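**Student:** For reference, the structure I am asking about is given below.
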Amino acid sequence: MITALDISTSALVAQRTRLNAISSNIANLSTQRDENGELTPYQARHVIFQADESVQMPGGAVGVKVASVETSTHEPIYRHQPNHPLAIKEGKWKDYVAYPAVNLNTEFVDALEATRAYEANVGVIEVTKNMALQTLRIVG
Amino acid sequence: MLPGLFQSTTIPALDQLAQFTHARHAVLAGNVANIDTPGYRSRDLSVDAFQSRLKDLLETSREPSAGESEGLDSLTAQMTKSAAGGGYDEALSQVRDSMQQILYHDDSDKNMEHQVAEINKNQMLHNLAVTLMSSQFRLLQQAISERV
């Protein structure tokens with residue numbers, strides 16, 4: 001029963017990491033330079049989950065862990081802004097400005113899902129704690 | 001005679017468990033207090049190490065030649081000393097693998113959820129020890145008052 005607490009906790013950590021990535025994506029909605037100052041639009045980060053065998057119960061229930069944080073390779077969105085200081089000077093996208101391909105709708109739905117998943121796991125932790133308390137009532 | 005009365009029950013072992021969970025709570029509370037401290041690494045008192053040491057000591061104290069279980073008294077004191085002295089790489093104050101997280105840029109491994117979960121588990125263990133101990137005292141009380 002105590003392991004059930006570990007499994008729910010691993011999910012809490014995973015969902016929090018996911019929510020961090022989502023907030024990063026929304027915060028960088030129109031970021032045009034990368035962390036080195038190069039002119040590359042921000043690429044969305046996606047957190048990949050993996051079943052974690054190291055947190056497991058005899059019944060076969062396993063925890064979850066963050067396998068990796070992947071960077072999207074999606075094409076940037078080009079907007080026609082000829083007078084923009086960062087407008088592309090030549091080629092196919094002349095007079096266009098590159099913006100990150102972050103979809104606000106997707107990100108917000110993901111954020112909602114991560115929040116609800118976090119809440120659900122907190123709920124399971126409450127149930128586990130109540131079960132332990134009930135066991136104590138038999139003993140006492 | 002009175003020590004003999006208590007030694008024949010599980011009260012000394014439960015007392016050690018309550019002391020241990022109390023000490024461990026302090027260590028875990030320290031982790032939460034330092035959640036934003038740069039360079040801070042989580043500390044813990046190992047429950048497994050405590051329980052195997054307790055088991056060994058109980059076995060030796062049950063032998064008729066051993067008499068008083070003097071080893072029991074110092075168990076938690078030894079463990080907390082090793083944790084407080086900063087030597088938390090010792091066997092009794094290991095941090096479990098599942099609690100060791102990725103390191104952040106400030107060289108700390110903050111993980112609030114794990115700490116809160118451990119505090120909850122520790123509290124359950126403490127409640128168990130105290131509940132069992134009070135039921136033992138109730139039994140003794142009934143025996144003394146000669147009531148059924």
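**Student:** Place a +1 charge on the Cβ of each Lys and Arg in segment A:2-55 and a -1 charge on the Cβ of each Asp and Glu, then give the dipole magnitude about the Cα centre in debye, rounded to the nearest 20.
**Tutor:** Once rounded to the nearest 20, the dipole reads 220 debye.
**Student:** Quickly rank A:4-12, B:31-39 as a protection proxy: mean count of other C-beta atoms within 10 Å, highest first.
**Tutor:** Final packing ranking: A:4-12, B:31-39.
**Student:** Applying the Karplus parametrisation 6.51 cos²θ - 1.76 cosθ + 1.60 with θ = phi - 60° to the phi angles of segment B:118-128, what ³J(HN,Hα) value in whole Hz is obtained for each residue in order, glycine and proline being reported as x?
**Tutor:** Values per residue, Gly and Pro as x: 5, 4, 5, 4, 4, 5, 4, 4, 5, 4, 4 Hz.
**Student:** Now for a separate question. Looking at the square roots a ≥ b ≥ c of the eigenvalues of the Cα gyration tensor of segment B:1-61, which shape do they give, rounded for a/c under 1.5, prolate if a/b is larger than b/c, or oblate?
**Tutor:** The shape class here is prolate.
**Student:** Between 0 and 90 degrees, rounded to the nearest ten: what's the tilt of helix A:2-27 against the longest Cα principal axis of chain A?
**Tutor:** Taking Cα atoms only, the helix is inclined about 10 degrees.
**Student:** Give me a single rounded figure for B:111-122: the average over its residues of other chain Cβ atoms within 10 Å of their Cβ.
**Tutor:** Partner Cβ neighbours, averaged per residue: 5.
**Student:** Also, I was wondering about something else. Give me a single rounded figure for A:57-70: the average over its residues of other chain Cβ atoms within 10 Å of their Cβ.
**Tutor:** Neighbouring Cβ atoms belonging to other protein chains average 0 per residue here.
**Student:** Per-residue Cβ counts within 10 Å, from other chains only, averaged over A:124-137: what number is that? Working shown, then result.
**Tutor:** Values: counts 0, 4, 0, 0, 4, 5, 0, 0, 7, 2, 0, 2, 6, 1.
Per residue, the number of nearby Cβ atoms from other chains is 2 on average.
**Student:** Ok, one more. Just check segment A:55-96 against the gyration tensor rule for me: Cα atoms, a ≥ b ≥ c as the square roots of the eigenvalues, rounded for a/c under 1.5, and otherwise prolate or oblate depending on whether a/b exceeds b/c.
**Tutor:** In terms of gyration-tensor shape, prolate.
**Student:** List, by residue number, every residue in segment A:1-30 with a reduction of 10 Å² or greater in accessible area between the chain on its own and the complete protein assembly, 1.4 Å probe.
**Tutor:** A:I2, A:L5, A:D6, A:T9, A:L12, A:V13, A:R16
**Student:** Sticking with this one: Give me the tail of P(r) for segment A:72-126 as a percent: Cα-Cα pairs with distance above 15 Å.
**Tutor:** Tail of the P(r) past 15 Å holds 64 percent of the pairs.
**Student:** Which FRET efficiency, nearest 0.05, do A:R137 and B:M112 yield, Cβ-Cβ r, R0 30 Å?
**Tutor:** E(calc), rounded to 0.05, equals 0.50.
**Student:** Follow-up question, since we're still on this one. Could you do me a favour and compute the accessible area per residue for chain A, 1.4 Å probe, result in Å²?
**Tutor:** 62 Å²
**Student:** Please list A:98-110, A:53-65 highest first by mean number of surrounding beta-carbon atoms within 10 Å per residue.
**Tutor:** Ranking the peptides A:98-110, A:53-65 by packing returns A:98-110, A:53-65.
**Student:** Quick check: Cα centre of segment B:22-55 to Cα centre of segment A:5-72, how many Å?
**Tutor:** Here the two parts' Cα centres lie 27 Å apart.
**Student:** Then there's this: Need one number: nm distance between label points at A:E70 and B:F6, each 7 Å from Cα along Cα→Cβ, rounded to one decimal.
**Tutor:** Once both label points are built, they end up 6.2 nm from each other.
**Student:** Roughly how large is the B-A contact in terms of buried accessible area, totalled over both chains, probe 1.4 Å, nearest 100 Å²? Before the final figure, lay out each step's value.
**Tutor:** Numbers: alone 9370 and 9300 Å², together 17290 Å².
The B and A chains share an interface burying roughly 1400 Å².
**Student:** Which angle between 0 and 90 degrees, to the nearest 10, do you get for helix A:104-139 versus the longest principal axis of chain A when only C-alpha atoms count?
**Tutor:** The angle comes out near 10 degrees.
**Student:** Here's something else I'd like to know. Helix-only estimate, please: 222 nm mean residue ellipticity of chain A, summing -39500 (n - 2.57) across DSSP H runs of length 4 or more and dividing by its residues, to the nearest 500.
**Tutor:** Value at 222 nm, helices only: -16000 deg cm²/dmol.
**Student:** Tell me whether chain A comes out rounded, prolate or oblate; compute the Cα gyration tensor, take square roots of the eigenvalues as a ≥ b ≥ c, and use a/c under 1.5 as the rounded threshold.
**Tutor:** Details: a/c = 4.83, a/b = 3.35, b/c = 1.44.
It comes out prolate by the Cα gyration axes.
**Student:** Calculated FRET efficiency, A:L86 and B:I35, Cβ-Cβ r, R0 41 Å, to nearest 0.05?
**Tutor:** Working: r = 40 Å, r/R0 = 0.97.
Using R0 = 41 Å, I get an efficiency of 0.55.
The values are calculated or read from the model by the stated rules, or taken from the named source; none is laboratory data. Note that the coordinates shown come from a computational prediction; the quantities given were computed from them, not determined experimentally. Here the Cβ is made from the backbone with ideal geometry for all residues, glycine too, and neighbour counts use every protein chain on show. To get the accessible areas, we keep the full protein, side chains included, count just its heavy atoms, and leave off ligands, DNA and RNA. Shrake-Rupley method; radii C 1.70, N 1.55, O 1.52, S 1.80 Å.
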